[in-house]
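Structure first, then comments.
The values are calculated or read from the model by the stated rules, or taken from the named source; none is laboratory data. Predicted model only: the values in this text are computed from it and were never measured. Here the Cβ positions follow ideal geometry from the backbone for every residue, glycine too, while neighbour counts run over all protein chains shown. Accessible surface areas use protein heavy atoms only, side chains included; no ligands, DNA or RNA. Shrake-Rupley method; radii C 1.70, N 1.55, O 1.52, S 1.80 Å.
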Amino acid sequence: MANRVDEILSWYGADHPGVLKNLRWMLESGRLGGSGKMVMLPVDQGFEHGPGRSFARNAPGYDPFYHFQLAIDAGCNAYAAPLGFLEAGARQFAGRIPTILKLNNSDSLYSSADPRPAVTGSVEDALRLGCAAVGFTIYPGSSERNEMYGEFREIAEDAKAAGLAVVLWSYPRGAGLSKEGETAIDIIAYAAQIAAQLGAHIIKVKPPTELIEQDAARKVYEAEDIQIATLPDRVRHVIQSAFDGRRIVIFSGGAARGTDDVLEEVRGIAEGGGFGSIMGRNAFQRPKSEAIELLHTVMDIHRAQL
Amino acid sequence: MANRVDEILSWYGADHPGVLKNLRWMLESGRLGGSGKMVMLPVDQGFEHGPGRSFARNAPGYDPFYHFQLAIDAGCNAYAAPLGFLEAGARQFAGRIPTILKLNNSDSLYSSADPRPAVTGSVEDALRLGCAAVGFTIYPGSSERNEMYGEFREIAEDAKAAGLAVVLWSYPRGAGLSKEGETAIDIIAYAAQIAAQLGAHIIKVKPPTELIEQDAARKVYEAEDIQIATLPDRVRHVIQSAFDGRRIVIFSGGAARGTDDVLEEVRGIAEGGGFGSIMGRNAFQRPKSEAIELLHTVMDIHRAQL
Amino acid sequence: MANRVDEILSWYGADHPGVLKNLRWMLESGRLGGSGKMVMLPVDQGFEHGPGRSFARNAPGYDPFYHFQLAIDAGCNAYAAPLGFLEAGARQFAGRIPTILKLNNSDSLYSSADPRPAVTGSVEDALRLGCAAVGFTIYPGSSERNEMYGEFREIAEDAKAAGLAVVLWSYPRGAGLSKEGETAIDIIAYAAQIAAQLGAHIIKVKPPTELIEQDAARKVYEAEDIQIATLPDRVRHVIQSAFDGRRIVIFSGGAARGTDDVLEEVRGIAEGGGFGSIMGRNAFQRPKSEAIELLHTVMDIHRAQL
Amino acid sequence: MANRVDEILSWYGADHPGVLKNLRWMLESGRLGGSGKMVMLPVDQGFEHGPGRSFARNAPGYDPFYHFQLAIDAGCNAYAAPLGFLEAGARQFAGRIPTILKLNNSDSLYSSADPRPAVTGSVEDALRLGCAAVGFTIYPGSSERNEMYGEFREIAEDAKAAGLAVVLWSYPRGAGLSKEGETAIDIIAYAAQIAAQLGAHIIKVKPPTELIEQDAARKVYEAEDIQIATLPDRVRHVIQSAFDGRRIVIFSGGAARGTDDVLEEVRGIAEGGGFGSIMGRNAFQRPKSEAIELLHTVMDIHRAQL
Amino acid sequence: MANRVDEILSWYGADHPGVLKNLRWMLESGRLGGSGKMVMLPVDQGFEHGPGRSFARNAPGYDPFYHFQLAIDAGCNAYAAPLGFLEAGARQFAGRIPTILKLNNSDSLYSSADPRPAVTGSVEDALRLGCAAVGFTIYPGSSERNEMYGEFREIAEDAKAAGLAVVLWSYPRGAGLSKEGETAIDIIAYAAQIAAQLGAHIIKVKPPTELIEQDAARKVYEAEDIQIATLPDRVRHVIQSAFDGRRIVIFSGGAARGTDDVLEEVRGIAEGGGFGSIMGRNAFQRPKSEAIELLHTVMDIHRAQL
């Protein structure tokens, strides 16, 4: 299995060994360690949606220690959270699981047509907290997109210089797109390409739908007969759009849903060659044992594709 | 009692000992020293509402020395004020009581739907003035919220590096919220969560009402049967929302009112597990002896919960 | 008399001796030297109103040397001007009179509802030119107020670190205020408080009128029976509003007027405990001998209050 | 032939030898090496138009290695791409072909009347990746033009200090121009002049049409009888407008078209004295062998003019 | 004659000897060297108006070498141009004539009611290119004026510290002024005063007309009977408005016109005490021999006033 990790690391020849060390740490951690597949636990919903909406269903989740332990117990490759949640447990869990400091976040107390998250942490914070990586979110399609790309550019440059891996959530939204278009196949593929071109090591996108949002894209998709009928087809196209498979692309799950729906989607992602899943609300809003069971099943699905 | 302070300090494992020293200084000062409870005196109303509205009722309050001495005589854990007020007495009162330099402030000579305070001091000022902490105010719900979060992020990073504690006033207001919603339980809990995620050591919020402002929150509050009928219930939920009790959350009092009203509210806060009170106008706008008597009663109520 | 200067300097305990040296230089210069009272000559009208409107009435004033010499010959405590005027004579008059470099200025070739001056000089310029202090203007009431406060904050921090005194012109204006309200007693008192809280050593305000601008202030002024019927009453209230007399507050004169009007106003300022006057157009737009005579009379009025 | 390269380098007397080294590297690479003519491969369409629209026609182009190899195999002078594409192959292809890091890029998920690209890379990135030059795009005619010029100014200053050559894409567009005017002869000549005055070493413009956009220009073009009837005439005028031939000016091709159209345009450019062509979509959207054949033909046309 | 240069240099007592050296270099260069009068050649019209409109009338002017040589052959005191033009000849003409690097420029491809030039060069560029001075343009009357003043402030501070002289083009324009008011006598005098107060060593303004733009100025001009009937009167008033003759004020010529008109205006400027002329289009748009003849005549007119 180690060969697959070495192969993946070979794609990042522009980075110095300090970055490779942290990529390897994530790739070799947890139940999927060494497989080249990753399942991560992200918990930024307290900031994004508020504490009640995020943690009331499974109240132990109000406690920041809970999520560190859940990620460890479930055998995740990494745990991602904003500054406060990581600060709260950084000393107790130092080195026990790779952590990803989310450097920007949006709250739900004000909304605008052209969203942009607040910068809430720094590369220095990530170093101080012993993180393996920094995380950042961009909203392609927003009128503020260029400011986000510029913020990411500076952060990525600093993070790489400091030996941290860089994870980019590329979530299209804003005045340039229809609501349904946010997950259209052409848009998700484009979002993956932008993330890759901006220099992300690991890219997070949402599972794409069969919709094509932009006319200019539709012409080409039809003329070239790009296969997008099934989720595996679409995932395959997204992976291709992120440097033909030379970048790690992971898919997020979205709102909490039934177990069957979640697993069906994961199967499509895995079949299409996705590098893994990032699963937040569907994990931490269930009782811990159920969450671990679900995450193990997700991991098994990804491993089954090897 | 010292064990409680040690326990509280253990929550801040991401901070270096310099920060812990200043947190301990505040926790072990005054009549509540060592109890884990805190009562603070804040005096920024001269800047926020103007000198006449703030000090005419009790004219000795025009003098910056008055408030240092009031905080000391009443046995407060700390005294918080803007740059000018602290500069005026910093030498005379150096080391006699922990001080908190408020680094941003709003005046009342111009108002807008989306407020944002002016930055009026720096971490370097706080060090020069011998402060234990810096204070900052954010307005979640304002269109300018992200700029405030960003300013706070930089200040907090610098303050922590310099060994200063960081106190965050999280006061929802702005175009994203109704006027009544500013103190709704879901909003106050969310404000506490945001402050905690932004990395504050000590969080100041207003006592929450029974109102629920956001529909998305109401669904969860009802589905999960979150208890919010009484003030102790609501305070408990706010404390839970700030990392399940792993962050110091203090409640402010608001406009000057009758003694009975003030004390009833304090009892609710104390019963709900609040870490203490911050009391400005209700203290310095009374004659000094009355103010001390009131503050002592407030302290006794908090201590009675131990 | 020296005791009064020592007493005044004792109010600035947060500043290092370098700042005290420059405050003392201004307080001990000129005909009022050592009295604790100050009369200053400011000449920024060339920038603010244009050269013809400023200097044509008394044409020697086109020459920058004229104003240095006028301030010296009249025995002023200090001379304040923008960069160009100070650069033009800095070498010839080095050390002959304390100078204050005005670091921001507004011209009259464009006007807007929410004014904000241009930054036209730096702390480094003031050091290079041998100044005793830097001067800055804020417009409380303008939508741009926070930007001005922020600029001042940085300048004041740098100036204090470099041993320069900091003089703040606090002139309410902008969309938040009525035209008459700019000199209303509640607004002038508030402007003095803001300047003091922002950390100014010396505060310049305009003489207040009997008007009360804000309803929230009127309630308190009436309830607490604050005396504002006479100019001395109002000046007393403004001094009180600047830390109960612990900050130097000087009053400016405004547009050129008849000698009797000017002196009557100065008498009111002096009787109310004002620390002095800053007199520009009423001085440099008269023939030099008349200007000196007027300034001497103003100084005598202030001295008579001791 | 080397004399021509020496002659060209003599135009850059303000630059230090480190810059000349990289200019020489580009001028002496590939099939046109030493001739003073250049043909470059740019591949930023993945970011600019999306991955499907860019690479589906010739699917190997999804892979970043493909373009490095295409540029080498075709004997191009240099290969230009955004950060991600260069990072992906920088180690494998280090030193095998001069690379140009495009430092700003626009995506197609949001559009506005006054476009401005996002900054997506840095001079430090270019050094880290072993590039010969940095590339930048300005949009003269956009209300944001001054911000772009200012960004370029800083980047160019830093790049020159670091020994990197500076390539400027000067593409008029925005509210100041009609759609057709973007390639009008007066506008393209003006765009070349602006690029030269801003300090670019190599200037990229689009082939100009016979249209004159601005009335003030038309008067002079007619009065002075400037020849613009044929493409060679117009190219000659553009070269003249870039310091009378003292700056390298290369012409881009635009959208993918038929081979005959492409070659006819290249002939016009070559006949008019253009220094070369930059050809993206017309190259990488064809099968590799066809692309190489086309690029060789283009090179031959340019060489035939020597 | 040398005494006049010494006298002029004595006005710049705030500057260190490095600045005086460069002022002296310009004052002692060319046919007017040592006289205290200056005639300069500025060539920024390629950027400001486009290459065709600027150079087609006299096509050798497309070549940047042409203007260096023209300025030398005509015996100008200095040659001013943007970055690209100076870079193109800096090595060949190093030290042969004082050069002034124009640090900001406006193009004509986009226009707005409130103009502001782009910053296109730096103090470091000026040092690297061996310049005697930096040049900068402000537009008093524009809503963006304060940003320009602020940019100039920083540039001037850095330039003076580096020993470079500072030349300021003060050209009123923007929403605060009528079109005719841009050259009204009160506005030009005000523009000269602003430039002087901002710390310029050499001030460039346009020849003023007899119009008075602002009512507040008209009252004073009439009451004080300021003489503005003839061009010499008006020039005298402008010189007076720039510190009563203690700053070098040079007048520009504007659009290309007939020789007689040009010379008549120069006679008025010289008679009014102007320090010289800056002549661009009227020089470089004529055949070289004619241009030299014209410039010599202009120089003779200025010299005749000594």
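The mean number of Cβ atoms from other chains found within 10 Å of a Cβ in peptide C:108-115 is 6, as a whole number.
Residue of chain D with the smallest Cβ distance to the axis mapping D onto C, distance rounded to whole Å: D:GLU147, 10. For the residues of E:84-94, the average number of beta carbons from a partner chain within 10 Å of their own beta carbon is 6. Once the mean of 1/r is taken over each pair of separate Cα atoms and inverted, segment B:59-171 shows a Kirkwood hydrodynamic radius of 14.7 Å. Contact order, relative form, for chain B: 18 percent (alpha carbon pairs under 8 Å, 6 or more residues apart, mean separation divided by residue count).
Indicate, rounded to the nearest 5 percent, the antiparallel portion of the DSSP beta bridges found entirely in segment B:40-191.
Working: 2 of 17 bridges.
Antiparallel bridges make up about 10 percent of those DSSP assigns within segment B:40-191.
Between chain C and chain B, the total buried accessible area stands at approximately 3300 Å², from heavy atoms with a 1.4 Å probe.
For segment D:281-305, the residues whose amide N sits under 17 Å from a probe point set 7 Å from the Cα of D:ASP261 along the beta carbon direction are D:281-286. Secondary-structure-derived ellipticity at 222 nm for chain D, considering helices only, amounts to -13000 deg cm²/dmol, per-run term -39500 (n - 2.57) for DSSP H runs with n ≥ 4.
When only the Cβ of Lys, Arg, Asp and Glu is charged (+1, +1, -1, -1), the dipole of the protein assembly as shown relative to its Cα centre reaches about 2580 debye. Taking a straight line from the alpha carbon of A:LYS160, these aspartates and glutamates sit under 15 Å away, with near neighbours fewer than eight places off in the same chain left out: A:ASP15, A:GLU124, A:ASP125, A:GLU151, D:GLU87, D:GLU124, D:ASP125. Max-minus-min Cα coordinates of segment B:111-247 on each principal axis give 50, 34, 19 Å, with the largest extent listed first. Among the residues of D:240-249, the average count of other protein chain beta-carbon atoms within 10 Å of the residue beta-carbon is 5. Here chain A was treated as a single set of alpha-carbon atoms; its pair distances binned every 20 Å from 0 give 35, 61, 3 percent. To put it simply, the accessible area of the protein assembly as shown at a 1.4 Å probe is 46 percent carbon and sulfur.
Under a Cβ-only charge scheme (Lys and Arg +1, Asp and Glu -1), can you give me the dipole magnitude of segment C:112-235 about the Cα centre, in debye to the nearest 20?
For segment C:112-235, the charge dipole is close to 280 debye.
Among E:GLU157, E:GLU224, E:GLU265, whose mean-square fluctuation peaks in a Gaussian network model of chain E (Cα, cutoff 10 Å)? Maximum fluctuation in the GNM of chain E, among the listed residues, is at E:GLU224. Largest mean-square fluctuation among E:ASP233, E:ASP225, E:ASP244, in a Gaussian network model of chain E whose springs join Cα atoms under 10 Å apart, belongs to E:ASP225. Sorted on the mean count of surrounding Cβ atoms within 10 Å across their residues, most packed first, peptides A:79-88, D:51-60 read A:79-88, D:51-60. Over all directions, the average projected area of the alpha-carbon convex hull for segment E:194-292 comes to how many nm²? Computing the convex hull of the Cα atoms and averaging its projections yields 7.1 nm². Which distance in Å, rounded to a whole number, links the C-alpha centroids of segment A:209-263 and segment E:166-194? The distance from the Cα centre of segment A:209-263 to that of segment E:166-194 comes to 60 Å. Taking the Cα centre of chain E as origin and assigning +1 to Lys and Arg Cβ atoms and -1 to Asp and Glu Cβ atoms, the resulting dipole is close to 700 debye. Accessible surface area normalised per residue over chain B is 31 Å², counting heavy atoms of protein chains with a 1.4 Å rolling probe.
Considering every pair of different Cα atoms, what Kirkwood radius, in Å, is found for the protein assembly as shown?
35.5
The trypsin sites (Lys or Arg not before Pro) of segment E:233-262 meeting both criteria, a DSSP state outside H, G, I, E and B (loop) and at most 16 other C-beta atoms within 10 angstrom of the site's C-beta, are E:ARG257.
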